[in-house]
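Trainee: Have a look at this one before I ask anything.
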Amino acid sequence: MIAFIHARWDFAALFLVLSVAAATIFVAALLLPNTSAQRS
């Protein structure tokens, strides 16, 4: 997919797509529940 975007569009479009994907993954990781075990 990266090669297809780079071949069809320019590098700026590829960078934009990768930036949006990275931001989406970052937000999804922030929304994960906190599952750290707290043992006393």
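Trainee: Identify, please: which residue in segment 1-11 is hydrophobic (A, V, I, L, M, F, W, C) and surrounded by 10 or more Cβ atoms within 10 Å (Cβ to Cβ) and is, among those, nearest to the chain's Cα centre (by Cα)?
Mentor: Of everything passing the filter in segment 1-11, Ile5 is nearest to the chain's Cα centre (by Cα).
Trainee: I've got another one for you. Does any residue of segment 12-29 turn out to be assigned to a loop (DSSP other than H, G, I, E, B), open to solvent by less than 100 Å² (accessible area, probe 1.4 Å) and of a type outside the set (Lys, Arg)?
Mentor: no
The values are calculated or read from the model by the stated rules, or taken from the named source; none is laboratory data. These numbers were taken from a predicted model, which means no experiment stands behind them. Heads up, the Cβs are rebuilt from the backbone with ideal geometry, glycines too, and the neighbour counts pull from every protein chain shown. Areas reflect the complete protein model, heavy atoms only, side chains present, ligands, DNA and RNA absent. Shrake-Rupley method; radii C 1.70, N 1.55, O 1.52, S 1.80 Å.
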